[in-house]
1. Looking at B:Val58, B:Val70, B:Val140, B:Val45 in this structure, which one is touching a Cys at 6+ places or on another chain (Cβ under 8 Å), in contact (Cβ under 8 Å) with a residue 60 or more places away in the chain and not polar (S, T, N, Q)?
2. Got at least one residue in segment B:83-95 being on the phi > 0 side of the Ramachandran plot and either in the same structural domain as B:Glu271 (by TED's automatic domain parsing) or surrounded by fewer than 24 Cβ atoms within 10 Å (Cβ to Cβ) (or both)?
3. Being over 11 Å from B:Glu189 (Cβ atoms) and either of a type in the set (A, V, I, L, M, F, W, C) or not assigned by TED's automatic domain parsing to the domain that holds B:Ile347 (or both) is the filter; apply it to segment B:239-267 and report the residue that is surrounded by the fewest Cβ atoms within 10 Å (Cβ to Cβ).
4. Residues to consider are A:Asp238, A:Asp198, A:Asp218; find the one that is within 14 Å of chain B (Cβ to nearest Cβ) and either among the charged types (D, E, K, R) or within 24 Å of A:Ala121 (Cα to Cα) (or both).
5. Would a scan of segment B:327-344 turn up a residue that is part of a helix (DSSP H, G or I), surrounded by 16 or more Cβ atoms within 10 Å (Cβ to Cβ) and either of a type in the set (A, V, I, L, M, F, W, C) or modelled with pLDDT of 95 or more (or both)?
6. Filter segment A:213-233 for residues that are out of contact with any strand residue (DSSP E or B) (no Cβ under 7 Å at 6 or more places or on another chain), touching a residue at least 24 places away in the same chain (Cβ under 8 Å) and either within 30 Å of A:Arg335 (Cβ to Cβ) or among the acidic types (Asp, Glu) (or both) and give the result.
7. Which members of segment B:272-293 meet the condition of being touching a Gly at 6+ places or on another chain (Cβ under 8 Å) and not in a helix (DSSP H, G or I)?
There are 2 protein chains.
Amino acid sequence: MNSFCHYRVDLGARSYDISIEAGGLDRVGEAMRGAVGDAGRCLIVTNTVVAPLYLSRVEASLSAAGWQSVSLILPDGESSKTVANWSLVLDALMESKLARNEPVVALGGGVIGDMAGFAAACYRRGVPLVQVPTTLLSQVDSSVGGKTAVNHPHGKNMIGAFYQPKLVWIDPLVLTTLDGRQLRAGLAEVIKYGLIRDAAFAERLKVLMPDLLQLRSDAIAEVIHTSCRHKAEVVMRDEREAGERALLNLGHTFGHAIEAITRYRRYLHGEGVAIGMRMAARLSEQVGLAPAGLEQQVVALLQAAELPVAVPSFTAAQWLDAMGHDKKSVGERLRLVLMRGVGRAQIVDSVGKAEITTLLDSF
Amino acid sequence: MNSFCHYRVDLGARSYDISIEAGGLDRVGEAMRGAVGDAGRCLIVTNTVVAPLYLSRVEASLSAAGWQSVSLILPDGESSKTVANWSLVLDALMESKLARNEPVVALGGGVIGDMAGFAAACYRRGVPLVQVPTTLLSQVDSSVGGKTAVNHPHGKNMIGAFYQPKLVWIDPLVLTTLDGRQLRAGLAEVIKYGLIRDAAFAERLKVLMPDLLQLRSDAIAEVIHTSCRHKAEVVMRDEREAGERALLNLGHTFGHAIEAITRYRRYLHGEGVAIGMRMAARLSEQVGLAPAGLEQQVVALLQAAELPVAVPSFTAAQWLDAMGHDKKSVGERLRLVLMRGVGRAQIVDSVGKAEITTLLDSF
């Protein structure tokens, strides 16, 4: 496995590189000059967990490359991904009077990336964005592809923009400080790529899982590489989710409902997705799309990653209301991502409430 | 002058029509089906002034064409163009659970168009937007071109998105109920097209002005047509304001400062722009770009439209602070739109604070 690697996300005028480099955190200032242009001012957005660990290194790297940075430290956690905190990022941008060509640096996990990204998309109708993801989930998924958003009290990621970064700068070594629960949550999105489009990768994950849970660097680097390649391929083919990109939402309609009903406080995003993928697997069997046994395969993989698979006992009304708010819905029928088997996801438009109720009753 | 006319704004996948039709308000439901697709649900966003005049006609037209509409009525005026009110639009969208393919209809002036447009851009990362502008300013300028935004307490339009509508549906007859001050404010943006890129139109406006102030329908239709044509041409060449489109900001850096310093309560946008164009004209003379006499020509045209031209007496610090927040700034130097003469605007990057101070002192 190379210790340094680039993927080019080719989107015409919105193209950018994903760089994966062990120890790269100390080179972000230099890389940003290459991706954004002459060093000027920038705003770093990070959180209370990441700041004590990595902010000073990033500031030093930026300063060495000629950048003048201001930092904004927000609370940690999905429950902080709100319009109110997004508004604080905009206040900080206004306060520092950043110009149109001066970047926002998102240093953190998916919450920081989504919120800082959406602020960068909106401030002056768009300033450059650099993603420096510090969790496994954000390194393998959310930092790539340009989806930015905040949550509405009644639905996850309901307020946002498609807004591509100028650079995604991944240092796998920052994961050494990652909390075990956060690591496992990130593995849910890694498993997702296997379930959607790469059965061989799903097989490989079974072998790698013990090493991944131990944060062995070779195994971690391998799954970051494979995941970023899958994400980049899908995004290049369908940037704005007119079709194929929706496959990446496997497990997310159920998962978002789980997160929203528990007000983003009980489950990490990846945990919701893990349970959601299990539910999607059972529903795929139930509607006759997948042969019997799929759910068992999915559960085995999730359990190998020590992820939760128990479906929480909400009322049917809670489920349906939360799922009705999901972005994937089209009219009365739900649009869901189901599976014909491992590695073969498919969008299904025709799922009715009765089928969902049957599914919920079965748990 | 035709009573019905289309302009096509050709922007690839984001192309759309501007339709100008006397009495067209009663046909908006049908037109929306053509531009957006099968009739479903939609959200009408309007304000307390427009709703009693035109909302029921729009609702009737939508209903006749098969649309189910919900309406949200917001306060009137630039001071209501806030994150808080934008958030109310998003709450209404969540409440009505609009799907990704169901449109937002902005029925009102520039404030409603900007705010509803920005909400449409962000809800589910973008739903279709239909602009039904009801003021002269929004018919000739803000409804076309995809700029949406809300104001930050420290700067106008600082939070927003480039987001093109699916249709701009203009009925000049709705202007018959327009307040005289609003009409004159709209004329400032009409005059702007003449000053920027069409000296013959500026001449023609001198002739038309008495008829325009009387709301004579032929004259009004003529300036809407010419203005929309200019706006569409510029937007097609430079959708995201990388270059030429910035010319449309003539007078706006000064104008936005005037609006912001007075908290969006004392001047209408067009009034700020009128005063700002006068200031830009004097500065153009001062820096030797334009021959002496330009300011006088500009003032004469603005006064013919009964627009204010007196520069308010803020302190230099107030001016510079407000202008420093303007989106048109690049680093320490201001980027301003100046004129070489009537019909010949030019972007100037090199204006320093000393030149601004000299200008301010001269009033």
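1. Matching residue, one of B:Val58, B:Val70, B:Val140, B:Val45: B:Val140.
2. no
3. Checked segment B:239-267; the qualifying residue surrounded by the fewest Cβ atoms within 10 Å (Cβ to Cβ) is B:Ala242.
4. A:Asp238
5. Checking segment B:327-344: not a single residue is part of a helix (DSSP H, G or I), surrounded by 16 or more Cβ atoms within 10 Å (Cβ to Cβ) and either of a type in the set (A, V, I, L, M, F, W, C) or modelled with pLDDT of 95 or more (or both).
6. Once the filter is applied, which keeps residues that are out of contact with any strand residue (DSSP E or B) (no Cβ under 7 Å at 6 or more places or on another chain), touching a residue at least 24 places away in the same chain (Cβ under 8 Å) and either within 30 Å of A:Arg335 (Cβ to Cβ) or among the acidic types (Asp, Glu) (or both), segment A:213-233 yields A:Asp218, A:Glu222, A:Val223, A:Thr226, A:Ser227, A:His230, A:Lys231.
7. Those that are touching a Gly at 6+ places or on another chain (Cβ under 8 Å) and not in a helix (DSSP H, G or I): B:Ala290, B:Pro291.
Condition check ((1) of a type in the set (Ser, Thr, Tyr); (2) modelled with pLDDT of 95 or more; (3) in the same structural domain as A:Val36 (by TED's automatic domain parsing)) across all residues:
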| site | (1), (2), (3) |
| --- | --- |
| A:Glu78 | no, no, yes |
| A:Lys81 | no, yes, yes |
| A:Gly113 | no, yes, yes |
| A:Ala116 | no, yes, yes |
| A:Tyr123 | yes, yes, yes |
| A:Pro133 | no, yes, yes |
| A:Val150 | no, yes, yes |
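The values are calculated or read from the model by the stated rules, or taken from the named source; none is laboratory data. Here the structure is a predicted model, which means the values were calculated and not measured. Ideal geometry is used to build each Cβ from the backbone, glycine not excepted, and the neighbour counts take in all protein chains shown.
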